[in-house]
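Values quoted throughout were computed directly from the atomic coordinates according to the rules given, and no laboratory measurement underlies them. These figures come from a predicted structure and were not determined experimentally. Here Cβ is always computed from backbone atoms with ideal geometry, including for glycine, and neighbour counts include all displayed protein chains.
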Amino acid sequence: MPISNSEQEFVSHIVDLMQSIGPVQAKRMFGGHGIFLDGLMFGLIADSELYLKADKNDADAFINRGLEAFSYRNKDRLFKMAYYQAPEEALEDTEAMNAWANQAYAVALQAASK
């Protein structure tokens with residue numbers, strides 16, 4: 001399925017904002033994009049929405065701001081993943097994105113070490 005121009009522009013914008021944490025790349029996956037650094041996925045983009053990886057220790061930082069977990073439906077079941085909507089300020093400010101993306105990458109590193 002081809003990606004729309006607006007979706008590609010959004011993905012490029014997010015990858016550009018995240019370059020301050022390292023050589024971040026986006027890879028097409030499941031109709032969206034995974035966001036990777038050093039082979040670890042720490043974010044995802046679906047329907048022009050950025051979601052960042054979280055664990056039980058920092059999920060409240062997202063939930064308290066009213067940010068939703070990424071979810072999808074498979075048959076009659078709803079699955080929620082440990083990825084939460086990025087705050088609006090992170091989508092517009094390099095410093096804010098740096099802080100949120102670094103935290104999401106730290107969660108991915110910790111998960112990979114288990």
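Odds and ends about this structure:
- Assuming charge only on the beta carbon of Lys and Arg (+1) and of Asp and Glu (-1), the dipole of the chain about its Cα centre is about 740 debye to the nearest 20.
- Taken as Cα centroids, the range 1-61 and the range 88-112 sit 10 Å apart, rounded to the nearest whole angstrom.
- log10 of Debye I(q)/I(0), alpha-carbon scatterers only, for the chain at 0.18, 0.22 Å⁻¹: -0.90, -1.34
- Sparse packing (at most 12 other Cβ atoms within 10 Å of the Cβ) combined with a DSSP loop state is found for the following chymotrypsin sites (Phe, Trp or Tyr not before Pro) in the range 9-111: F30.
- Ratio Rg/Rh [Cα only; Rh per Kirkwood] for the range 16-65: 0.99
- Only lysines eight or more places from K53 in sequence, or on another chain, were considered; those with a Cα closer than 21 Å are K27, K80, K114.
- Sites counted here are GluC sites (Glu not before Pro) in a DSSP loop (not H, G, I, E or B) having no more than 16 other Cβ atoms within 10 Å; the longest part of the chain that contains none of them is 1-67.
- Structure-based [θ]222 nm, the chain - -39500 (n - 2.57) summed over DSSP H runs of at least 4, per residue, nearest 500: -11000 deg cm²/dmol
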